[in-house]
Structures are given as C-alpha cells and as structure tokens.
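Single-structure report; data block below.
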Amino acid sequence: QVQLVESGGGLVQAGGSLRLSCAASGRTFSRYAMGWLRQAPGKERDFVAAISWGGGSTYYADSVEGRFTISRDNAKNTVYLQMNSLKPEDTAVYYCAQGPLLRATTKVNEYDNWGQGTQVTVSS
C-alpha cells in the first residue's frame, strides 16, 4: 500500500503563498490519481484539487480555482499543491489522498489511503 506524508504547511498572512508536498512510498504511485482535500474545524472534509495519474487532467474546487495549482512528479513519487493569494477561509488541515486508478475524481468518498495531514493557517 502507498504511504503518504504531507509537508509544507504553516502560518501565513492573507495574500501569501504556501507550497504543500506529499511524498509517497511504493512503486504503484504513478498508477493512481491523487488529490488534496481539507478539513476546517467543525466542518466536513472537502475536496480541493485532483490530478490524474499522468498529470494530464486536473480539477479544482470553485473556491480555489485560479489560486491553487496541483501538480505531480511521478519520478519523485510526489504530488504538490501550490497555494497563492491565500485567504483566512483557506485555514484547515490539508490532506493528500490516493484516488482511483488513473482517473481523477472530485468525490471525497472515492479517496482512500490518506496522509496524516498538514495544518495551514492564514491570518487576516
């Protein structure tokens, strides 16, 4: 099973940027779509961004479209989330998760094998 470890979270002022990384172990990483999801205090876990196995297809939540960019480097077994123009409402624990084989998905219940999460806090 692929193991996922996120990094790159932290405290940033509104308007700032952060880059999250998710390092995966295992030789099957490149076969799976990957996604980033987030959970704010007292709220359900929400979809943020997804990328297909080869990186050719990406999807974003409306709330982050144009500000966040998901990418992956299969040679390094890593998926990234570049977050620009951050807003206080982006504050959450961000999770990397493994999606279905090949195709990307926006459905939270189609993700399994989650990382431990990394905290992102945006101050106003």
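The values are calculated or read from the model by the stated rules, or taken from the named source; none is laboratory data. No experiment lies behind these values; they were computed from the predicted model shown. For neighbour counting, all protein chains shown are included, and Cβ atoms are generated from backbone atoms with ideal geometry for every residue, glycine included. Accessible surface is based on the protein model in full, side chains and every heavy atom, while ligands, DNA and RNA are left aside. Shrake-Rupley method; radii C 1.70, N 1.55, O 1.52, S 1.80 Å.
Points to keep in mind about this one:
- The set of residues in segment 27-53 that are open to solvent by 60 Å² or more (accessible area, probe 1.4 Å), touching a strand residue (DSSP E or B) at 6+ places or on another chain (Cβ under 9 Å) and outside any strand (DSSP E or B) comprises Arg31, Pro41, Lys43, Trp53.
- Unique residue being farther than 15 Å from Glu6 by Cβ and surrounded by 13 or more Cβ atoms within 10 Å (Cβ to Cβ) when the list is Asn109, Asn84, Asn113: Asn84
- A Cβ distance below 9 Å, combined with a sequence gap of six or more or placement on separate chains, defines the contacts here; from segment 97-111, residues that are on the phi < 0 side of the Ramachandran plot reach residues that are of a type in the set (S, T, N, Q) and open to solvent by 90 Å² or more (accessible area, probe 1.4 Å) in the pairs Gln98/Gln1.
- Flag for Leu20 being surrounded by 22 or more Cβ atoms within 10 Å (Cβ to Cβ) and either on the phi < 0 side of the Ramachandran plot or in a loop (DSSP other than H, G, I, E, B) (or both): yes
- Hits in segment 54-76 (condition: at pLDDT below 95 and at positive phi): Gly55
- Yes/no for Ala75 being among the hydrophobic types (A, V, I, L, M, F, W, C), free of Cβ contacts under 8 Å to residues at least 40 places away in the same chain and farther than 22 Å from Thr121 by Cβ: yes
- Residue within segment 69-86 that is under 14 Å from Leu11 (Cα atoms) and charged (D, E, K, R) present: no
- Scanning segment 87-106 for residues that are among the basic types (Lys, Arg), under 22 Å from Gly42 (Cβ atoms) and either at pLDDT below 95 or within 13 Å of the chain's Cα centre (by Cα) (or both) yields a total of 0.
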